[in-house]
1. Is there any pair with a first residue in the range 80-98 that is within 12 Å of K141 (Cβ to Cβ) and a second that is open to solvent by less than 10 Å² (accessible area, probe 1.4 Å) whose Cβ atoms are under 7 Å apart and which are 6 or more apart or on different chains, and what are they?
2. Which of the residues belonging to the range 1-39 are assigned to a loop (DSSP other than H, G, I, E, B) and free of Cβ contacts under 8 Å to residues at least 12 places away in the same chain?
3. What residue, among those in the range 186-198 that are open to solvent by 20 Å² or more (accessible area, probe 1.4 Å) and touching a Gly at 6+ places or on another chain (Cβ under 7 Å), is farthest from Q348 (Cα to Cα)?
4. Restricting attention to strands (runs of 3 or more DSSP E) lying wholly within the range 199-283, give those where 2 or more residues are open to solvent by less than 80 Å² (accessible area, probe 1.4 Å).
5. Looking at G63, G125, G69 in this structure, which one is part of a strand (DSSP E or B), more than 24 Å from G12 (Cβ to Cβ) and among the small types (G, A, S)?
6. Going by the conditions given, is A183 surrounded by 14 or more Cβ atoms within 10 Å (Cβ to Cβ) and touching a strand residue (DSSP E or B) at 6+ places or on another chain (Cβ under 9 Å)?
7. With respect to A380, is the statement that it is surrounded by fewer than 17 Cβ atoms within 10 Å (Cβ to Cβ) and either among the acidic types (D, E) or assigned to a helix (DSSP H, G or I) (or both) true?
8. What number of residues within the range 106-122 satisfy the criterion of being open to solvent by 30 Å² or more (accessible area, probe 1.4 Å), hydrophobic (A, V, I, L, M, F, W, C) and within 39 Å of the chain's Cα centre (by Cα)?
Amino acid sequence: MNTLIAVIVIFGLLVFIHEWGHLIFAKRAGILCREFAIGFGPKIFSFKRNETVYTIRLLPLGGFVRMAGEDPEMVQIKPGYEIGLFFNDSGKVNRMIINNKSKHPGCKVMQVEKIDMEHDLFVQGYVDDSEELITYQIDEKAEFVHDELATQIAPYDRQFSSKTVGQRAVAIFAGPMMNFVLAVVILMAYALIAGMPVDEALVGDLTDDGVALEAGLESGDRVLSIDGENVTTWEDMTSIIQDQPNENLQFEIERGSDQFEVNIVPQERIGAEDEVEGVVGIYPPTEKSIGGAIAFGFTQTYEYTMLIVEALGMLVTGQFSLDHLSGPVGIYNYTGEVAAMGILVLFQWAAILSVNLGIINLLPLPALDGGRLIFIGLEAIRGKPIDPQKEGIVHFVGFALLMLLMLAVTWNDINKFFL
């Protein structure tokens, strides 16, 4: 249950922030955003605010912002259609009923001769079997209702394609960018809570089963020397301890105004490279400061970014096997292991996943944000956009290939963890 809660909170936050970045910058550019969705598939919850429908969908595999003009309108009104019209106080059409007009008594029925919902915003036709051709202006925020579902019209100046190359690029790039911003914020919070490591020969917290506690060391003690060798930094102190497991070491300690000596025998532990090293059971000293936390957030996010980019480079060059990739099942399993280590480790894990999501989305692959940025870049170079149908086909094929990769990675995860 703890794992499930951690996964829902972390992934919900990562997806929300990513899509929120798209939404905010698209709205700033004047683009009509029809829907802000977390998940895919059937809706399980929705509400509308400021032209946008906010939804939570059944399958928690991502999210999307549906911007007007990115896809063809699902309903097109053609000459000969009969539609019902409602008007606002200014006499402009503010609602058009496409079908089921009997459920909307009071509407004025018009047989459409001509209609423009993108540029000039008017509808022209015959009302109540009259032979007189009548023209009504359409309100820029009018809705059309099909199968009792209301959808706001999108005049051309509210559509994604009407915006400049720069505005569209920013709206697309904003999603991954917000994932990097989120990582910085999470790591800043981590540093404020846990403190920043200090490179001094000081005793931080002590483990309950360590030999340092048995020897009487206390948090805040300063180590002056070990076996007569002066130490001034945490690295100096730990390198001597790690190099001499099971050796009797004499520590010279300063506690306040007092100085004393104590003998400690470091315990054995298998290190990162399967080598035996000595440990005494102390954590590095930490300090808490706003400036240090801000610096830590940016520097650690940069380090995570470089590590992930390096791993992707190794994947491309064949130095890293696809078998080592993890999909939703693997990430779920790792999140459970991290959650068991405590909330602070979970903070770091969430930051890593956020950076990873940002980088993956910036890859120049169809259907990802990076692929869409490539098409916008080509448009900037050519001076005209790529044919939307051709671009749509490329993104569709790319999405299908990504789903196949996801299935393959998920199958690897199942074999790794359950079979």
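The values are calculated or read from the model by the stated rules, or taken from the named source; none is laboratory data. Note that this is a predicted model, so its numbers are computed, not measured. Note: ideal-geometry Cβ built from the backbone for every residue, glycine included; neighbour counts use all protein chains shown. All accessible areas refer to the heavy atoms of the entire protein, side chains included, with ligands and DNA or RNA removed. Shrake-Rupley method; radii C 1.70, N 1.55, O 1.52, S 1.80 Å.
1. K92/I138; V93/L85; V93/V123; V93/I138; V93/A142; N94/A142; R95/A142; R95/V145
2. Initially, the range 1-39 is screened for residues assigned to a loop (DSSP other than H, G, I, E, B), giving 1, 29-32.
Result: M1, single match.
3. In this case the residue turns out to be M196.
4. On the way: elements: 222-226, 249-255, 258-264, 267-270, 276-279.
It comes to 222-226, 249-255, 258-264, 276-279.
5. Numbers: G63 fails: more than 24 Å from G12 (Cβ to Cβ); G69 fails: part of a strand (DSSP E or B).
Selected residue: G125, the only one of G63, G125, G69 that is part of a strand (DSSP E or B), more than 24 Å from G12 (Cβ to Cβ) and among the small types (G, A, S).
6. Values: surrounded by 14 or more Cβ atoms within 10 Å (Cβ to Cβ): yes; touching a strand residue (DSSP E or B) at 6+ places or on another chain (Cβ under 9 Å): no.
No.
7. Working: surrounded by fewer than 17 Cβ atoms within 10 Å (Cβ to Cβ): yes; either among the acidic types (D, E) or assigned to a helix (DSSP H, G or I) (or both): yes.
Judged against the criteria, A380 is a match.
8. Result for the range 106-122: 1.
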